[in-house]
Each structure stands twice: as structure tokens, then as C-alpha cells.
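Structure, as C-alpha cells:
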Amino acid sequence: MEIELWQLAIYFFGIAVIYSAAGFGGGSSYLALLAISGLPFQEIRILALLCNITVVTGSIYLTWKEGLLSSKRIIPLVSLSLPLSYLGGTLRISQVLYFDILGVTLLIASLIMLLITTDSAETSIKKLSKYSNGLIGGGIGFLSGLVGIGGGIFLSPILYISKWGRAKTIAATTALFILVNSISGLTGQMYTHGWSVDSIRLIILLVAVFVGGQIGIRLTIRKLNPLVVRRITALVIMFVAIRLLFYS
């Protein structure tokens, strides 16, 4: 399927708006679109990670200003995710196995997100131990580095189920988690596969997702219902998962 660059930019803009509103970077949908557009296998993961980094960097700045980030609770999550994300990024797997792993894990994550029917703000907040946070972050970090996304769509449902924090706090934490894992995974990808990205395509897509991400995070901070945003995002992720499994 041939997708023109201007079409990709429009799609990426829309994805960034939807995903950033839920605290995500959009990596899974970027991967799906890049895959069906026929780009080289190694290039699509680097592009997706760079777009992830662009979206969540802007989100983190705004959520930090709103006082939604707590370093004491976030550090245990990322302490193991950083090295394990890098390790996952260095592994070589076949294209078929790659899309199978990504499609199945995204499908599971989207189903869990749809099953979460309450906002964490309506329930009591529980504090997980540093050990539990480390295991959660490390496992998701490895998986995210392997498939080339930030891992936020895996982390967010777990945080909601464990009543880790309120909706906006979880979205802010997820964005920071995506950033550090995307950087670590990108480093691993480039160490193993090198740099093979078209500069013009990269710049156009980064501009598209930056603008979309800024719109999305401002909407969720000020206006949108977190539960509605989460359900819409889950449906998008489910569609992407099915599309990836069909593609593979």
C-alpha cells in the first residue's frame, strides 16, 4: 500500500492529538502506518521512536508545570526500564515475529483499557513498593525496546488497575516513562542497526506530531474527560493491533 508523505503527515498529526490526550506518544500507530507504507523494517522503528520522543517531551513540560509529576514515585519505575529497554532494542528478531509480538501485546493492552470503567480519581490511591514498581517498569521497558515503542500503552492499564494514581497523574507519568524508554530503546536500535532514516521525511513527520501532541495534551489538561479519552484511545489501539496482525 502506497502512502504519500503528505498523507502520512496528516495521519501522524491526528494520531498525536489522540494519543497525547491519553498521555501516550503514538508509537504503535506510527509503526502500523509506516509498515503498510512499505518503508524499510529498520527505519520504521527509528522513526516511530523519534516521533514518540517529540510528542511526549512537549507533554511532559506542560504536565510538570501543572504539578502532575512526582520524581519519588517515577524513579523506581524507570530505574530498571532504562537498561532493559536498551537491551530489548539491541535484539535482532525477524519482521514476522516482530509484528506478531507487537500486535498481540497491543490487542491485550487495548482490551484491558476498555475494561477499566472507573477513573482513578474516584477510588483510593495505593502506593506500590519500590520493588513492584521496578519489576513493572523493567518488564515493560524490555518489551518496549524490543518492539520500538515507549511502552506507555502497556504501563497505563497496569497503573489504573493497581490504583497507582489519578487519571491526569497516570497520564503524566506514562508520558515521562515513554520518553526515557524511547531514548533508551532508540540508542539500542542505533547501536545494532545504525542510522538509516530519510531526513526530509523525518523532519516533516516530527513537525506534524509535535503540533498534534501540543493540541492533545492541552485538551486533556483543561477540557476532556479522562475516561472518554482512554476509551477512544483503546479503540484506536485495538484497530492498530488487528491491522498489524493482519499485516504480519
Problem - Test for TYR30: is it part of a helix (DSSP H, G or I) and either over 21 Å from LEU106 (Cα atoms) or at pLDDT 85 or above (or both) - result: yes
For the stretch 47-62, does any single residue satisfy the condition of being at pLDDT below 80, buried (at least 24 other Cβ atoms within 10 Å of the Cβ) and small (Gly, Ala, Ser)? yes
Counting only residues in the stretch 142-190 that are assigned to a helix (DSSP H, G or I) and aromatic (Phe, Trp, Tyr), the one modelled with the highest pLDDT is identified as PHE142
Here the residues within the stretch 215-248 that are modelled with pLDDT under 75, polar (S, T, N, Q) and in a helix (DSSP H, G or I) are THR220
Quick count over the stretch 93-118, residues being outside any helix (DSSP H, G or I) and touching a residue at least 40 places away in the same chain (Cβ under 8 Å), is 4
Sole miss for ILE112 among (1) under 28 Å from GLN214 (Cα atoms); (2) in contact with a Pro (Cβ under 7 Å, 6 or more places away or on another chain); (3) modelled with pLDDT under 80; (4) of a type outside the set (Asp, Glu) is condition (3)
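The values are calculated or read from the model by the stated rules, or taken from the named source; none is laboratory data. Just so it is clear, the structure is predicted and the values come from calculations on it, not from any experiment. Cβ: placed from backbone, ideal geometry, glycine included. Neighbour counts: every protein chain shown.
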